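Quick notes on the structure that follows.
The values are calculated or read from the model by the stated rules, or taken from the named source; none is laboratory data. Here the structure is a predicted model, which means the values were calculated and not measured. Ligands, DNA and RNA are excluded from the accessible area calculation, which covers all protein heavy atoms including side chains. Shrake-Rupley method; radii C 1.70, N 1.55, O 1.52, S 1.80 Å.
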Amino acid sequence: MSGPVIRPYGDTTGDGRVQLSFTLPVPFGTERERAVAEGAALQLAAKMGLEPAMVVHAKGMGPAFTFFILYGRASHLVDLSEVTVAEREFPVLPAAEINLRIRSGLGREMVVLGACIGTDAHTVGIDAILNVKGHAGEKGLEYYRECRVLNLGAQVSVPELVERARAEKADAVLVSQVVTQRDAHLHNTREMSAAFREAFPAGRRPLLVVGGPRFDELMAGELGVDRIFGRGTTPREVASYLVHALTARKVAA
């Protein structure tokens, strides 16, 4: 049974109006070049189903590129019943409860390793989750007395990450990926998950958790990791997941 069918909203309800931005490899110098560039942008919009469309902003980006903002009407409908979301399968717990569950469930400290792998040097995300100063008013995992946190920082190679995880007997490995050009975040994640599968016996590898603004949370199985966190994730949410997953794994064993 289909759910509510909706259209985008711009000026009036259901008018289908959308705003779109993109860059084309065309110059925007002379009068003729500007006309050709805008014509190319409108042609692309028409092929994407935005009709009528208008260029509301165009600006040259160096000698050979032009950035556009277009406004147009989309004819497509959205059926809300066909939208798939990643449901959270665990409760978000207060810090005291997280510490209690680690102590009672594991009987020792929970060892968490964090890093940015590959050439990614953006540590803001991993620092927000791990560092005691935390994020969004919540303290990071370093604050939890039952956690031992090792933040390896940026540009950590996959072999180095695997070796440290083995040496530290990590329960969980958290990896942040912000750089997404040419799907680098997906390539790096697949490389990491394959390396951990090879290095650890079945059922003995650490939990693998990745996060970043461009990940699809539904792709965890495809990428070979246990959990993906996207935009707006807080340290307490990550800590709650780790406790939930590790204690469930121990019960299953």
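Counting only protein heavy atoms and using a 1.4 Å probe, the accessible area of ARG108 comes to about 110 Å². Based on DSSP H segments of at least four residues, each scored -39500 (n - 2.57), the chain has a per-residue ellipticity at 222 nm of -10500 deg cm²/dmol. The angle separating the long axis of helix 31-47 from the principal Cα axis of greatest extent in the chain is about 60 degrees.
The residues GLU89, GLU82, GLU38, sorted by heavy-atom accessible surface at 1.4 Å with ligands and nucleic acids left out, run GLU82, GLU89, GLU38 from largest to smallest. Give the Debye-formula value of log10 I(q)/I(0) at each listed q (0.14 Å⁻¹), with one equal scatterer per alpha carbon of the chain, two decimals each. The Debye formula, applied to the Cα set alone, gives -0.96.
Rounded to the nearest whole angstrom, the semi-axes of the ellipsoid equivalent to segment 98-176, taken from the Cα gyration tensor as √(5λ), stand at 22, 17, 7, largest first. Roughly how many whole Å is it from the C-alpha centroid of segment 29-82 to that of segment 162-208? Cα centroid to Cα centroid, the span is 40 Å.
The aspartates and glutamates within cross-link reach of LYS139, meaning a Cα-to-Cα straight distance under 19 Å and a gap of 8 or more places when in the same chain, are GLU97, GLU109, ASP127, GLU237.
Here the Gaussian network model covers the chain, with springs between Cα atoms less than 10 Å apart; of LEU20, LEU174, LEU208, LEU20 fluctuates the most. Rounded to the nearest 10 degrees, the angle from helix 158-168 to the longest Cα principal axis of the chain is 30 degrees. DSSP beta bridges confined to segment 76-211 are antiparallel in about 5 percent of cases.
Diffusion coefficient of segment 14-118 by Stokes-Einstein, Kirkwood radius over Cα pairs, 10 °C, 1.306 mPa s: 85 µm²/s. Against the chain, whose longest principal axis is taken from its Cα atoms, helix 235-252 shows a tilt of about 50°.
DSSP beta bridges confined to the chain are antiparallel in about 50 percent of cases.
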